[in-house]
Amino acid sequence: AQSVTQPDIHITVSEGASLELRCNYSYGATPYLFWYVQSPGQGLQLLLKYFSGDTLVQGIKGFEAEFKRSQSSFNLRKPSVHWSDAAEYFCAVGAGTYKYIFGTGTRLKVLA
Amino acid sequence: NAGVTQTPKFQVLKTGQSMTLQCAQDMNHNSMYWYRQDPGMGLRLIYYSASEGTTDKGEVPNGYNVSRLNKREFSLRLESAAPSQTSVYFCASRAQAGSYNSPLHFGNGTRLTVT
């Protein structure tokens, strides 16, 4: 079955520390993978996407993600977190022509 | 550019009442979507419209109806609200339905409580 798993419900990091948010997917074909960010009271905004080619993709706001087919993972990283990065992060896989499967989200808290 | 606009932002209904959630996009997108977001469950697709004049069911369509009024507008109707429909509802749009090169653009959501 197609699925997306984000194993961490909450993560807390200190400002300036590095960040890695985990995402594992289950999908039979070559996946289209996405990370979205949701700030409080807002809709979701696309951070980055992976379709093919280079397995390390760069996104907005200094985020990057690495696709590892052997581990069925697409983890999101940032070298130095800013207080404004506090938000909820969703991993998603494009599953078919119209459908996205979203993970359950990871809520990031940033300590000053 | 307003992007995707949803109204209302908040709504409280009693069980059995009906209401329509409105969504409009000004990006000339072909496809529009309605999702619901519940704690611990991520986003689940209710209905989508691949293009003007078409609508299709998503994962959780029961208790909802939709209307693609024109290319800009896609409304979601609850005919007889139930407490299980308490959720945050997001409308989204995409330029092209069949290509992931066109990402989803989301509205800011409608927080609905059914008592």
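The values are calculated or read from the model by the stated rules, or taken from the named source; none is laboratory data. As the structure is a computational prediction, the values presented were derived from the model and not from experiment. Virtual Cβ from ideal backbone geometry, glycine too; neighbours counted across all protein chains shown.
Among the residues examined, B:Ser75 qualifies as touching a strand residue (DSSP E or B) at 6+ places or on another chain (Cβ under 9 Å), modelled with pLDDT of 95 or more, more than 14 Å from chain A (Cβ to nearest Cβ) and closer than 22 Å to B:Thr113 by Cβ.
Per this entry, B:Arg36 is counted among residues that are surrounded by 21 or more Cβ atoms within 10 Å (Cβ to Cβ) and either modelled with pLDDT of 95 or more or closer than 17 Å to B:Leu112 by Cα (or both). Quick one: is B:Ser93 in contact with a His (Cβ under 7 Å, 6 or more places away or on another chain), of a type outside the set (A, V, I, L, M, F, W, C), within 14 Å of chain A (Cβ to nearest Cβ) and buried (at least 21 other Cβ atoms within 10 Å of the Cβ)? Criteria met by B:Ser93. Residues considered: B:Ala95, B:Ala2. Of these, the only one that is touching an Asp or Glu at 6+ places or on another chain (Cβ under 7 Å) and under 21 Å from A:Tyr36 (Cα atoms) is B:Ala2. Does the stretch B:105-115 hold any residues that are surrounded by 21 or more Cβ atoms within 10 Å (Cβ to Cβ) and within 7 Å of chain A (Cβ to nearest Cβ), and which are they? Residues satisfying the conditions are B:Phe106, B:Gly107, B:Gly109.
Being surrounded by 17 or more Cβ atoms within 10 Å (Cβ to Cβ), more than 14 Å from chain B (Cβ to nearest Cβ) and not polar (S, T, N, Q) holds for only one residue in A:Ala95, A:Ala86, and it is A:Ala86. Scanning the stretch B:55-92 for residues that are touching a Ser or Thr at 6+ places or on another chain (Cβ under 8 Å), of a type in the set (Asp, Glu) and part of a loop (DSSP other than H, G, I, E, B) returns a single hit, B:Glu79.
Residue by residue through the stretch A:13-40, note down the ones that are assigned to a loop (DSSP other than H, G, I, E, B) and either modelled with pLDDT of 95 or more or in contact with a helix residue (DSSP H, G or I) (Cβ under 7 Å, 6 or more places away or on another chain) (or both). Give the steps one after another, and end with the answer.
First, pick out the residues of the stretch A:13-40 that are assigned to a loop (DSSP other than H, G, I, E, B): A:15-18, A:22-23, A:27-31, A:39-40.
A:Glu15, A:Gly16, A:Ala17, A:Ser18, A:Arg22, A:Cys23 - these are the residues of the stretch A:13-40 that are assigned to a loop (DSSP other than H, G, I, E, B) and either modelled with pLDDT of 95 or more or in contact with a helix residue (DSSP H, G or I) (Cβ under 7 Å, 6 or more places away or on another chain) (or both).
Are any residues in the stretch A:73-108 of a type in the set (Gly, Ala, Ser), touching a residue at least 60 places away in the same chain (Cβ under 8 Å) and part of a strand (DSSP E or B), and if so, which ones?
Restricting attention to the stretch A:73-108, the residues satisfying the condition of being of a type in the set (Gly, Ala, Ser) are A:73, A:80, A:84, A:86-87, A:92, A:94-96, A:103, A:105.
Keeping just the survivors that are touching a residue at least 60 places away in the same chain (Cβ under 8 Å) gives A:80, A:92, A:94-95, A:103, A:105.
If the condition is that a residue be of a type in the set (Gly, Ala, Ser), touching a residue at least 60 places away in the same chain (Cβ under 8 Å) and part of a strand (DSSP E or B), then A:Ala92, A:Gly94 are the ones that fit.
In the stretch A:3-34, which residue that is surrounded by 14 or more Cβ atoms within 10 Å (Cβ to Cβ) and within 12 Å of chain B (Cβ to nearest Cβ) is nearest to A:Leu46 (Cα to Cα)? Checked the stretch A:3-34; the qualifying residue nearest to A:Leu46 (Cα to Cα) is A:Phe34.
Quick test for you: out of A:Phe74, A:Phe63, pick the one residue that is modelled with pLDDT of 95 or more and within 30 Å of B:Asp56 (Cα to Cα).
Values: A:Phe63 fails: within 30 Å of B:Asp56 (Cα to Cα).
Testing whether each residue is modelled with pLDDT of 95 or more and within 30 Å of B:Asp56 (Cα to Cα) leaves just A:Phe74.
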